[in-house]
Amino acid sequence: MRRKQRWWLIGLLVILLAIGTFFPLPVYLETVGSAQNVAKYVTVAKKRDRHSGKLMLTYVELARATPFLYVASFFDRNASRIPSEQVTGGVNNREFDLVQNYYMQTAVNQAQSSALKLAGKQYQQKFQGIYVMSVLKKSNFNNKLQVGDLIQRVNGKSFSSLTAMMHYLNAKKTGETVKINYLRHGSSKTSQGKVISLPNSKRHGIGISLVAKTKVVSNSQIKADMDGIGGPSAGLMLALQMYSQLSHRDLKAGREIAGTGTISASGKVGQIGGIDKKVIAANKAGATIFLAPAGKANYHEAQKTAERIKTKMKIVPIKNLTQAINYLAHSHG
């Protein structure tokens, strides 16, 4: 009898251990990530930057919580617990990864455009199609189109911009059938569905969240292999690395420089999330300068974090790419 009770107890403990270790909770844990040398991702004219020093992108670690990890997170002062709906927007893991990959591709394109423009190089922003970001449940194209599909034509008509396609669909009547031609994993596909009234709007459409997908074409041959890193926040540091190589200006001067921020094609730096954790990651990597998007949401939070961890790393507010270049070119910190 005792032996049976012992095995029953061991079995129960194994089940509880498995649940605590592997059962996913509807929560993501955001923790301190790492700072990586951008030069190892970027090539210009098939060459990497070999100058001493580093321009480092910073990122956070984001993982689905399990019961054990959730409890452990309360012992990590720098950990944040975020509802999964807030992180993923309700999409599944595959769709979430595709969206993050799109954001990273866009960051690379915007970094290329801003760097090429400042370096005085010729380039073109080539429109490739309309990227599907999400599909409403009430859409006629639900279970037909998927996140990551690239729309190329509607009713056989191609478009030169996202705005042009939206205007075309808005002119259609509710219930009118449209044919969508799109690419999925490189294969051409076709689906049909009806135009609907869009929620919280007076406009008509097909019930899909869409963004334009573009590609920068230039003789300068800029490439960035960002495999394993998602999101748009590496834009600023990518642009600095690309500009440095395009212009043959050594902005590093042997220094360890980290930073974060989105970048637009015009060079404007935008706000990002998790900057407190990125400051800590940069400090651990030995950075002496941290470039933060200007403004209360990011720069002030970065300053507060630097004071809390008692780092000597200088926090510098940045509004645009030109300001970042000028600061690095003329500072000696």
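A few comments on the model shown:
- Positive-end residue, the chain charge dipole about Cα centroid, Cβ charges, pick of L13, G267, Q146: Q146
- Added length on full extension, which subtracts the Cα-Cα distance from 0.36 nm per residue, N143 to K157: 2.7 nm
- Positive-end extreme of charge dipole, the chain - chosen from G175, G295, M226 (charges on Cβ): G175
- Highest average packing first - 145-152, 12-19, 116-123, Cβ atoms within 10 Å: 145-152, 116-123, 12-19
- Shape class for region 86-159, computed from the alpha carbon gyration tensor (a ≥ b ≥ c): oblate, with a/c not under 1.5 and a/b at or below b/c.
- When T58, T288 are compared by accessible surface with a 1.4 Å probe, the order from highest to lowest is T288, T58.
- Gain upon complete extension [N101, S209; 0.36 nm per residue less C-alpha separation]: 37.3 nm
- Cut-off 13 Å (backbone N to label point 7 Å along Cα→Cβ of N92), residues of region 125-165: 143-144, 146-147
- Element breakdown for region 92-233 at a 1.4 angstrom probe: carbon and sulfur atoms account for 45% of the accessible area.
- Protection proxy ranking for 269-276, 182-189, 82-89, using the average of other Cβ atoms within 10 Å per residue and placing the highest first: 269-276, 82-89, 182-189.
- Backbone phi angles across region 233-245, fed through the Karplus curve with coefficients 6.51, -1.76 and 1.60 (θ = phi - 60°), yield HN-Hα couplings of 6, 7, x, 4, 5, 5, 5, 5, 5, 5, 4, 4, 6 Hz in residue order; Gly and Pro are listed as x.
- Taken along the Cα-to-beta-carbon direction at a fixed 7 Å, the label points for Q192 and T288 span 6.8 nm.
- Once the Kirkwood radius over Cα pairs is known for region 209-250, the Stokes-Einstein relation at 20 °C and 1.002 mPa s delivers a diffusion coefficient of 172 µm²/s.
- Shape category assigned to region 38-95 from the gyration tensor of Cα positions, a/c cut at 1.5: oblate
- Spatial extent of region 124-214: Rg and Dmax, with the Cα atoms as the point set, Å: 12.2, 38
- Cα gyration tensor, region 262-333 - rounded (a/c under 1.5), prolate or oblate: oblate
- Accessible solvent surface per residue of the chain, calculated while the other protein chains remain in place, 1.4 angstrom probe, Å²: 54 Å²
- Peptides 237-243, 193-199 ranked from most to least packed give 237-243, 193-199, packing being the mean of other C-beta atoms within 10 angstrom over each peptide's residues.
- Y168 accessible area, assembled protein chains, probe 1.4 Å, Å²: 50 Å²
- Kirkwood hydrodynamic radius of region 174-333, Cα pairs, Å: 18.8 Å
- Normalised contact order of region 103-180, rounded percent, pairs of Cα under 8 Å and 6 or more residues apart: 24 percent
- For region 278-333, the carbon plus sulfur part of the accessible surface works out to 52%, probe radius 1.4 Å.
- Sites matching trypsin sites (Lys or Arg not before Pro) across region 232-290 that sit in DSSP coil, with at most 15 neighbouring C-beta atoms within 10 Å: R249
- Overall dimensions of the chain by Cα: Rg and Dmax, Å: 23.7, 84
The values are calculated or read from the model by the stated rules, or taken from the named source; none is laboratory data. Keep in mind it's a predicted model, so treat the numbers as computed, not measured. Please note: Cβ atoms are built from the backbone with ideal geometry, for glycine as well, and neighbour counts cover all protein chains shown. These accessible areas exclude ligands, DNA and RNA; they are computed on the full protein's heavy atoms, side chains included. Shrake-Rupley method; radii C 1.70, N 1.55, O 1.52, S 1.80 Å.
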